[in-house]
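The values are calculated or read from the model by the stated rules, or taken from the named source; none is laboratory data. Here the structure is a predicted model, which means the values were calculated and not measured. Cβ placement follows ideal geometry from the backbone for every residue including glycine, while neighbour counts extend to all protein chains displayed.
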Amino acid sequence: MDNLWARSPPGARESAGVTFQTAVLLLVTAAMVGGMIFRPWGTREWMWAVAAAIAVLVYRAVGPADAWSAVASGANVYAFLVGIIALAELARAARLFDWLALYLLRIAGASRVRLFVLVYALGVVVTAVLSNDTTVIVLTPAVLAMLARTDVDPRPFLFCCAFVANAASLVLPIANPANLLVFGGMLPPLHVWVRWFLLPAIAALAVTLVTLLLLMNREMRPRLRYHDVAIVLAPHERRAGIALLVAVALLLLGSLRGDGVGYVAAGAAVLALSTAALSAPRLGIAVLRRISWQVVPLVAGLFVVVAALDRAGTLAVLRDLLVHAGSSQGTISSRLELATELALACNLFNNLPIAVAVGNAFHASNLSPYLARIAMIAIDLGPNLSVTGSLATMLWLITLRRAGYDVSEWSFFRAGIVVLLPALAAATLAAGL
């Protein structure tokens, strides 16, 4: 485990420097991210990623062979994303999270703070074993449905779902697709991951929870009142729940080794869906129809754009940043500086391309795994500043809009300033302990 980045990425690299080609590529990247956020003319996120990939090919910033190599290198990541999303849709179709959310409401009694902490804890567990995308796709609508039975303003709890999805991404290697991208699909074995990230994860989760409660203090004061309506799971829904638990167990076993976890996720999803479909064919069909297959061309497009940026020498700036941080002997100031800069980059360009770029930088420079810990913290936590930060926060916003609930990007940013900065600092400092 001394060098997790022994492989070199495809494509030639040129020296760094602000050139016309670099400016064009940065403009294409900015247009891609902006299009994915605002989706003008009713477009979808994946369309902008694919359009950006086509643009860099037409501009000849990357050749067809290198572009195909970049796309093919993400096979493990595509398998992971599709598998996780399939499991999330199975949980949604079987109403498992609706049942869990109602159970939490009963445990909370008359305390809004207790309910908030319980939702946060459920978000930690879901993110750790089923990824942050599952938390926003499935837990957010369940929380909305739960709060419809109460007199509570849903805003604090919706923010809870978004922020915990990123804050809990360090708990396990399978908690965030960005983890696979940084390590090139070859995740560290579970025992190594825990040694590297347990303390930073605890620090990030604790500080995020405290700052959220302080931020939402006024909304948490009144007594909780709710209308209790029982949710009784049908036999096929209970069987789907058992299949989902088996899939989670397989994912955890796969993370013990670290390699090929994407294929494990896809296999676990196939097993769970097949089991559910045997007892309820309509359930299986409904899940297959709701799987967001467009996530594959979306991420593939990101791979091509990053390959073009790398070929143009733009990513050499990032490699220089990492080399400089490594030469600083791990001082507190250098750690905080690196984490802050990468977190800002994630919010400007989304953390998925930044994760690919950081992975490529490590591949090329054979840098210390110690820097990976700082980079991983910034890439996982950084998106808690704005909705542009990660696929999860973008999916969260889309999920809310589909439910008819609008949260502005500005309100997320105002909360993110309060939540992210202390959590990022605490996790970064804990990485040095």
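Some observations on this one:
- Against the list (1) in a helix (DSSP H, G or I); (2) crowded, with 22+ Cβ neighbours inside 10 Å, the condition residue 107 fails is (2).
- Considering the range 1-26, the residues that are at pLDDT 75 or above and within 23 Å of residue 181 (Cβ to Cβ) include one that is farthest from the chain's Cα centre (by Cα), namely 22.
- Number of residues in the range 355-389 that are within 24 Å of residue 422 (Cβ to Cβ) and touching a Gly at 6+ places or on another chain (Cβ under 8 Å): the value is 8.
- Taking the conditions (1) surrounded by fewer than 19 Cβ atoms within 10 Å (Cβ to Cβ); (2) among the small types (Gly, Ala, Ser); (3) touching a helix residue (DSSP H, G or I) at 6+ places or on another chain (Cβ under 8 Å) in turn, residue 249 satisfies each one other than (3).
- Helices (runs of 4 or more DSSP H) contained entirely in the range 276-328, each with at least 1 residues that are touching a residue at least 40 places away in the same chain (Cβ under 8 Å) and of a type in the set (Phe, Trp, Tyr): 295-311
- Matching option when the condition is farther than 22 Å from residue 212 by Cβ, of a type in the set (S, T, N, Q) and in a helix (DSSP H, G or I), among 384, 360, 347: 360
- Qualifying position, being aliphatic (A, V, I, L, M) and outside any helix (DSSP H, G or I), among 224, 214, 198, 250: 224
- A single entry from 337, 341 fulfils the requirement of being modelled with pLDDT of 80 or more, in contact with a helix residue (DSSP H, G or I) (Cβ under 7 Å, 6 or more places away or on another chain) and acidic (Asp, Glu): 341.
- Any hit, the range 389-405, residues being surrounded by fewer than 24 Cβ atoms within 10 Å (Cβ to Cβ), in a helix (DSSP H, G or I) and hydroxyl-bearing (Ser, Thr, Tyr): yes
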